[in-house]
1. For the range 69-106, give me the residue count where each residue is buried (at least 16 other Cβ atoms within 10 Å of the Cβ) and either in the same structural domain as residue 35 (by TED's automatic domain parsing) or over 16 Å from the mean Cα position of the chain (by Cα) (or both).
2. If a residue counts only when it is β-branched (Val, Ile, Thr), which strands (runs of 3 or more DSSP E) contained entirely in the chain have at least 1 such residues?
Amino acid sequence: MTTIEVRREEDGELLGHLRPADAGWEPLTVFHAALAEPSGREDAEDVVRRDGLSCLGDLWWVEVEPGRWTEARIQEAYPDRVRVRWADPLLEQPAHGQWIDPRAVPVRRRHP
């Protein structure tokens, strides 16, 4: 399904995307994760403009294997890849984090 980019007017920075949905428009992050429930286009765009980048500093959930979700912090985000560090300091992980493909590995803003 086609999405529409939402960019900051001052510098063209990608803030996120809008995707048509049955209930209106779904606001999405730069890597196409849902930010909120679908709403009218203007409201959905407002969500992307307000939360699209700032929410990347929040805790996120990554499905590391089917049915097993792990909390993570996003270090970098692009449309086709996200670099995360696991929130649990006891998990073994590279110091620089781990790249994941959000098209292949589900990433959610809230625990599913």
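1. 1
2. 4-7, 59-65, 68-78, 81-86, 98-100
Here is a yes/no grid of residues against (1) of a type in the set (Lys, Arg); (2) surrounded by 12 or more Cβ atoms within 10 Å (Cβ to Cβ); (3) within 16 Å of the chain's Cα centre (by Cα):
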position	(1), (2), (3)
21	no, yes, no
35	no, yes, yes
42	no, no, no
67	no, no, no
111	no, no, yes
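The values are calculated or read from the model by the stated rules, or taken from the named source; none is laboratory data. Source: prediction; values computed, not measured. Quick reminder, even Gly has a Cβ in these numbers, built from the backbone with ideal geometry, and neighbours come from all protein chains shown.
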